[in-house]
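Here's the structure we're looking at; comments come further down.
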Amino acid sequence: MKEDSLGHTTSKLKVIPLGGLEAIGMNITAFEYEDSIIVVDCGLAFPEDDMYGIDLCIPDITYLLDNAAKVKGFVFTHGHEDHIGALPYILKQLNVPIYATKLTMGLIELKLTEHDLIRTTKRKVVHPGQSINLGKFRVEFIKTNHSIQDAVALAITCPAGTVIHTGDFKVDFTPVFGDAIDLQRLGEIGKKGVLALMCDSTNAERPGYTPSESTIGKAFDQIFGEHKRQRLIVATFASNVDRVQQIINTANKYGRKVVIEGRSMVNVISVAEELGRITIPENTLITLDEMKNYPDDRIVLITTGSQGESMAALSRMAAGLHKKVQIKAGDLIVFSSNPIPGNEKSVSKVMNELYEKGADVIFQDTHVSGHPCQEEIKLIYSLVRPQFAIPVHGEVRHRVAQAKVARLLGYDSKHIIMMHSGDVLELSDNHAAIAGHVQNGPILVDGLGVGDVGNIVLRDRQRLAEDGIIMVVMTLGSRSREILAGPDIVSRGFVYVRESEELMDEAQEVVEDAVEKCLRGKSSDWGRIKTAVRDDLGDFIWKRTKRNPMILPIIEEVSE
């Protein structure tokens, strides 16, 4: 440990977000002090629309692998996919202990079991109020509220000072399950001095306060009361156990049986019930197969698919592809969520399909956010009183909105740190500076392949999707260097050949001229011939159609 002449430490704390600062998802942040690194969260992101065939994106942990001897463990704030989803893929490269609260660990263990990692992974359940020591770090778990239970903020302390990472949170004084956020403890830590606050920015554009989750119970009561003769189908996030609890409570009140549908929903509710995080009254839950034994007005179906995911249960029902549930005229479908930015079209598509089948749809007043609005952010800043404000979690616009809130509270540009994923922030008393940048970005997962699809393959897929492909097939004599067969042109996804015969005939002439030109010039190098075909045909196609398909020349050489 470096010390100055007065005996104070001169080593700096490094904060390195490896994801999560440009979009919602893939949250992972490394904290490094001398020979110790701890990692907060390890989430995935879902692919963009132009990432054809990609299943999910996980963070690039090259920096952690390069410093593997320093990494003491992963610490988790809560159990959402954008915070735990990448862990099984990362543990296969970097197997270190993991620390999480009860429900979060239960959901992590589901994933580890699926990936056959449960026996090789050291894990410890930590309760809110407890602390753990990891190398030079001491990490305290502080109770917060969110749209999933057992969420915590983290007070991360090392010789350079204390950083509070809020995780995803809201201030809910009347939570459905458990205690309210521990504002008292945040205030106590704030009085001792906090170097930096890394605060959730997702709702920073919204004024006021986020309503309590418990207010949704009244909305469901009203819906159930007004639609007593209809079958009810409620779509919500699988992980929102409190929402499911309120739906079950209301169903029980109105004498309805409950069916849980959707693999992720079934898994989460099973874990939550096992851990005592949800209470299901006896004889309330029935299976999909038992549903036919009850009239429609005695049934509530709680399902996944509130975000319009193509393979989720509600999407399959809407498209008529679900094996056991068919949407009927008169069904009432309740969307108990808001579309995540980017999912609006998918959600709208599912709603339209439901309306086509004669169902009624409700999508207002049945959801509250799990993130803090501006007044809650101000409250946390006022309690914690950090030297430096580091807005995290969200798109750039969300983090800029939090920076504006911090300015209202008296923070200037020197004390508001706007980071990008991969930045290395060095922190010490009265000092904060971006000191470098490390490799970061999404690693693409496609089926069983992790990282084998990169930007070049993705660009090829985009080009194939947008403009199609033209294959030019020909046979050359090995001695005569003459065209023995072809060139034949095969088109897929470019034009319908039977209706574009003139264009294809002209394209064939262009190819023949390009090949003849190469052969007349005594150039028998296949590479040059392919390049000439690609260039000349590409120019011709562009001039005639203003399209840019992928052109793939295939040359076969035969001995004469």
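Any idea which of Ile216, Ile248, Ile223 is among the β-branched types (Val, Ile, Thr), touching a His at 6+ places or on another chain (Cβ under 9 Å) and either outside any loop (DSSP other than H, G, I, E, B) or in the same structural domain as Thr113 (by TED's automatic domain parsing) (or both)? Full working, then the answer.
Values: Ile248 fails: touching a His at 6+ places or on another chain (Cβ under 9 Å); Ile223 fails: touching a His at 6+ places or on another chain (Cβ under 9 Å).
Criteria check complete, one pass: Ile216.
One residue alone among Val361, Val368 is among the hydrophobic types (A, V, I, L, M, F, W, C) and either within 30 Å of Gly193 (Cα to Cα) or assigned to a loop (DSSP other than H, G, I, E, B) (or both), and that residue is Val368.
A quick yes/no check of all residues on (1) closer than 17 Å to Pro372 by Cα; (2) in the same structural domain as Val125 (by TED's automatic domain parsing); (3) out of contact with any strand residue (DSSP E or B) (no Cβ under 6 Å at 6 or more places or on another chain):
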residue	(1), (2), (3)
Phe141	no, yes, no
Asn145	yes, yes, no
Thr157	no, yes, no
Ala160	no, yes, no
Gly167	yes, yes, no
Lys170	yes, yes, no
Phe173	yes, yes, yes
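Considering segment 405-425, the residues that are buried (at least 17 other Cβ atoms within 10 Å of the Cβ) and touching a residue at least 40 places away in the same chain (Cβ under 8 Å) include one that is nearest to Glu375 (Cα to Cα), namely Val405. The set of residues from segment 234-277 being of a type in the set (S, T, N, Q), over 25 Å from Glu114 (Cα atoms), in contact with a helix residue (DSSP H, G or I) (Cβ under 9 Å, 6 or more places away or on another chain) and surrounded by fewer than 21 Cβ atoms within 10 Å (Cβ to Cβ) comprises just one member, Asn249. Taking the listed residues Ser264, Ser315, the one that is under 28 Å from Ala45 (Cα atoms) and modelled with pLDDT under 90 is Ser264, with no other qualifying. Entry remark, segment 336-369: residues being surrounded by fewer than 16 Cβ atoms within 10 Å (Cβ to Cβ) and of a type in the set (Gly, Ala, Ser) number 3 in total. Test of understanding: among Thr104, Thr113, Thr77, which residue is hydroxyl-bearing (Ser, Thr, Tyr), under 30 Å from Ala160 (Cβ atoms), assigned to a helix (DSSP H, G or I) and not assigned by TED's automatic domain parsing to the domain that holds Ala238? Result of the check over Thr104, Thr113, Thr77: Thr104.
Of all residues in segment 369-384, count the ones that are among the hydrophobic types (A, V, I, L, M, F, W, C) and farther than 26 Å from Arg243 by Cα.
First pass over segment 369-384, keeping only residues among the hydrophobic types (A, V, I, L, M, F, W, C): 373, 377, 379-380, 383-384.
So of that shortlist, the ones also farther than 26 Å from Arg243 by Cα come out as 383-384.
Residues in segment 369-384 being among the hydrophobic types (A, V, I, L, M, F, W, C) and farther than 26 Å from Arg243 by Cα: 2 in total.
The residue that is surrounded by the most Cβ atoms within 10 Å (Cβ to Cβ), among those in segment 302-318 that are part of a loop (DSSP other than H, G, I, E, B) and among the aliphatic types (A, V, I, L, M), is Ala312.
Kindly indicate which of Lys328, Lys323 is over 27 Å from Val368 (Cβ atoms), part of a loop (DSSP other than H, G, I, E, B), of a type in the set (D, E, K, R) and in contact (Cβ under 8 Å) with a residue 24 or more places away in the chain. Full working, then the answer.
Details: Lys323 fails: in contact (Cβ under 8 Å) with a residue 24 or more places away in the chain.
Result: Lys328 is the single residue among Lys328, Lys323 that is over 27 Å from Val368 (Cβ atoms), part of a loop (DSSP other than H, G, I, E, B), of a type in the set (D, E, K, R) and in contact (Cβ under 8 Å) with a residue 24 or more places away in the chain.
Take Tyr381 and decide whether it is without any contact (Cβ under 8 Å) to a residue 60 or more places away in the chain and surrounded by fewer than 23 Cβ atoms within 10 Å (Cβ to Cβ). When the stated conditions are applied, Tyr381 does not pass them.
Those residues that are among the aromatic types (Phe, Trp, Tyr) and modelled with pLDDT under 95, I need them from segment 73-101; list them, please. If you could, list the steps in order and put the result at the bottom.
Narrowing segment 73-101 to residues among the aromatic types (Phe, Trp, Tyr): 74, 76, 89, 99.
Answer for segment 73-101, where residues must be among the aromatic types (Phe, Trp, Tyr) and modelled with pLDDT under 95: just Tyr89.
Does Thr29 qualify as being modelled with pLDDT of 90 or more, in a loop (DSSP other than H, G, I, E, B) and in the same structural domain as Asp200 (by TED's automatic domain parsing)? Give the derivation first.
On the way: modelled with pLDDT of 90 or more: yes; in a loop (DSSP other than H, G, I, E, B): no; in the same structural domain as Asp200 (by TED's automatic domain parsing): yes.
Answer is no for this residue.
Residues that are at pLDDT below 90 and on the phi > 0 side of the Ramachandran plot occur at least once in segment 174-194. Of everything in segment 207-222 that is within 17 Å of Phe363 (Cα to Cα) and of a type in the set (Val, Ile, Thr), the residue that is nearest to the chain's Cα centre (by Cα) is Ile216. Is at least one residue of segment 183-191 within 22 Å of Asn338 (Cβ to Cβ) and among the acidic types (Asp, Glu)? Within segment 183-191 (the criterion being within 22 Å of Asn338 (Cβ to Cβ) and among the acidic types (Asp, Glu)), the answer is no, since none of the residues qualifies. Could you list all residues from segment 398-451 that are touching an Asp or Glu at 6+ places or on another chain (Cβ under 6 Å), modelled with pLDDT of 85 or more and either more than 25 Å from Lys12 (Cβ to Cβ) or hydrophobic (A, V, I, L, M, F, W, C) (or both)? Of everything in segment 398-451, those that are touching an Asp or Glu at 6+ places or on another chain (Cβ under 6 Å), modelled with pLDDT of 85 or more and either more than 25 Å from Lys12 (Cβ to Cβ) or hydrophobic (A, V, I, L, M, F, W, C) (or both) turn out to be Ala401, Ala433, Ile434, Ala435.
The values are calculated or read from the model by the stated rules, or taken from the named source; none is laboratory data. What you are looking at is a predicted structure, and each value in this text was computed from that prediction instead of being measured. Using ideal geometry, Cβ is built from the backbone for each residue, glycine included, and neighbour counts are taken over all protein chains shown.
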